[in-house]
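One structure is given below, encoded as C-alpha cells.
Laboratory data are not the source of any read-out in this text; all were calculated from the coordinates shown. It should be emphasised that the depicted structure is a prediction, and the values quoted were computed from it without experimental measurement. Note that we place each Cβ from the backbone using ideal geometry, even for glycine, and neighbour counts take in every protein chain shown.
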Amino acid sequence: MDKPTLAEKREILRSQIEAYRALPEYILDGVGAVIARSKLPRNASTQEEDGFPSYWINGIMLTVLTFLLGWGISFLFREQITDDEIRFTLWASAMGALSLIANKANVRAFLNAFYGPLLERMERSSDIADLGNWLIRNFRLRFPLVFGFVLGPILAMLLYNGWRVSHENPAFHIGSFFTVMVSCMQAMWVGYYLYPFYLMFPPQLHRYHFDLYTPDPSSS
C-alpha cells in the first residue's frame, strides 16, 4: 500500500483540524446548540456562516445563566444579597463568559492559520505528523477540565473573600460564591491553554520547515 503523499497528509490534517474544539469552545457552543436546538456543527470555524448562534450571543446567555443560578441559590437559602454583591456577581459572571469568548477567538485564529496558508507552506511530512500529534495531545479535554475544577474554587475563595474584606466583611453567601466559583472555573479552563499555545508551541514551530520567500519571509 502506497504511503500518503504530502498533499494527502495535508488534507488528512485539515479534516482533523475541522473537528477540534477547546474545552471553553464546547461550553460556549453547547449554549449555542441549546439555543438553536441542534447538534454541535463539526467545523467550529464555519458554524456561524450556517446560521449557528454567534459566540457573543452564547456568552451573553451564559453570563445571565450563571448569574441567575447563583441568585436562585441565594433565594432558596433566603440570603440577603446587597446591591454591591449583585453587581459583583454580575461582573464575575460576565468576566467568566468573556474569558471563554477570548479563548474561542484565539483558538479559531490559531487553527484557521494552519488550516490554510501555513499548512500549505509546510514542506516535510514529519512536520505535519508532529503538528497533528501536538494538536491531539493539547485538545484533550481531561486535563483542562481537572485544572479548572481544582484551581477554580481556590481562586473563587480568594476573590470572594477579598471582596468581602474590602466591603467590611459582609456575610458569606452560598449563592454568590457559587456564581464566582463557576466564573473562576471558566477562567481557569481558559488559563490552561496559555501554557501549550503561548509558551510551548513557539519553540516547536521554530523547528518546522516552511516554503517561504527567502529574501523577505514576511511577504510569503
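Worth pointing out:
- Computed per residue of the chain from DSSP H runs no shorter than four, each worth -39500 (n - 2.57), the mean residue ellipticity at 222 nm is -23000 deg cm²/dmol.
- Here the Gaussian network model covers the chain, with springs between Cα atoms less than 10 Å apart; of Pro153, Pro144, Pro202, Pro202 fluctuates the most.
- Here Thr66, Thr5 are placed in order of increasing Cβ neighbour count within 10 Å, fewest first, which gives Thr5, Thr66.
- The phi-based Karplus calculation (6.51 cos²θ - 1.76 cosθ + 1.60; θ = phi - 60°) puts the 3J(HN,Hα) values of the range 165-174 at 5, 5, 10, 6, 6, x, 5, 6, 10, 4 Hz, whole numbers, x for Gly and Pro.
- Distance from the alpha carbon centroid of the range 154-184 to that of the range 93-130 works out to 34 angstrom.
- Prolate/oblate/rounded call for the range 85-155, Cα gyration tensor, a/c under 1.5 rounded: oblate
- Total formal charge among the other residues, if their Cβ is under 11 angstrom from that of Arg14, Lys/Arg +1 and Asp/Glu -1: -2
- Across Met122, Met95, Met181, mean-square fluctuation computed from a Gaussian network of the chain (C-alpha pairs under 10 Å connected) peaks at Met122.
- Taking label points 7 Å from Cα along the Cα-to-Cβ direction, Leu194 and Ile57 give a separation of 3.2 nm.
- Relative contact order of the chain, defined on C-alpha pairs under 8 angstrom at six or more residues apart (%): 28
- Matching the structure-derived Kirkwood radius over Cα pairs in Å against the labelled list (1) 17.8; (2) 19.6; (3) 18.6 gives the label (2).
- Put in line by how crowded their Cβ is, counting other Cβ atoms within 10 Å and starting with the fewest, Leu199, Leu62 read Leu199, Leu62.
- Degrees separating the helix 55-76 axis from the principal Cα axis of the chain, which is the longest one: 30
- Order of Ser45, Ser54, Ser93 - criterion: other Cβ atoms within 10 Å of each residue's Cβ, fewest first: Ser54, Ser45, Ser93
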